[in-house]
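Q: Just dropping this structure here.
The values are calculated or read from the model by the stated rules, or taken from the named source; none is laboratory data. A quick note: this is a predicted structure, and the numbers were derived from the prediction, not measured. Here the Cβ is made from the backbone with ideal geometry for all residues, glycine too, and neighbour counts use every protein chain on show.
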Amino acid sequence: MKVSNKIVFSLFIFTLVGCATYQLKVSEGRRHIENRQFAKAAEVLKSLALQESDDQLVYLLDYATALQIAGEYKESNKAFMAADVIAEESDYHRISRIGGSLLLSEGMVQYKGDPFEKVTINAMMAINFLMMENYDSALVEAKRINTKLGKYETDGRKRYDQ
């Protein structure tokens, strides 16, 4: 095997072994949700949500939702706010990561969320504020939804993106 083939083979093995899939990582938390053990699900998902990674946004969304259905509205909003920050960061990606994603996997680029997910974050936060009877903050989130939808329309997004 040539040196270049060894490098490619090593990278391939590293990618297979080093990267557990998202579904595998959240399966225990999802089982707890299915069994209506919402607090336990949030506990299991917390470590994934708080760990910086390329998939932190999706883990935060799962964690925040588990907290919400467990009735932990304040903590849920903290997680949704952290998700909102990640989702709204600029879409700047390091050149090496984009190059690596072209060669190896799309998973090397940090997930920033689809437009519908970005709007859903604010909708879920509004629900949490309503559950806490904080109507002014719920109204702020509703206005943020309208602002985002207006921006998507201005940016020329397709109707289904909204």
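Q: May I ask you to verify whether E133 is among the charged types (D, E, K, R), assigned to a loop (DSSP other than H, G, I, E, B), at positive phi and modelled with pLDDT of 75 or more? Please lay out each step first, then the result.
A: Details: among the charged types (D, E, K, R): yes; assigned to a loop (DSSP other than H, G, I, E, B): yes; at positive phi: yes; modelled with pLDDT of 75 or more: yes.
Considered against the rule, which asks whether it is among the charged types (D, E, K, R), assigned to a loop (DSSP other than H, G, I, E, B), at positive phi and modelled with pLDDT of 75 or more, E133 comes out as yes.
Q: Can you pull out every residue in region 144-162 that is surrounded by 13 or more Cβ atoms within 10 Å (Cβ to Cβ) and modelled with pLDDT under 65?
A: D161, Q162
Q: Here's something else I'd like to know. Is it the case that E117 is modelled with pLDDT under 95 and in a helix (DSSP H, G or I)?
A: Details: modelled with pLDDT under 95: yes; in a helix (DSSP H, G or I): yes.
Spelling it out, E117 is indeed modelled with pLDDT under 95 and in a helix (DSSP H, G or I).
Q: Pairs under 8 Å by beta carbon, first residue free of Cβ contacts under 8 Å to residues at least 60 places away in the same chain and in a helix (DSSP H, G or I) in region 140-152, partner among the acidic types (D, E) and surrounded by 13 or more Cβ atoms within 10 Å (Cβ to Cβ), six or more apart or different chains?
A: Once the first residue is free of Cβ contacts under 8 Å to residues at least 60 places away in the same chain and in a helix (DSSP H, G or I) and sits in region 140-152, its partners that are among the acidic types (D, E) and surrounded by 13 or more Cβ atoms within 10 Å (Cβ to Cβ) give Y152/D161.
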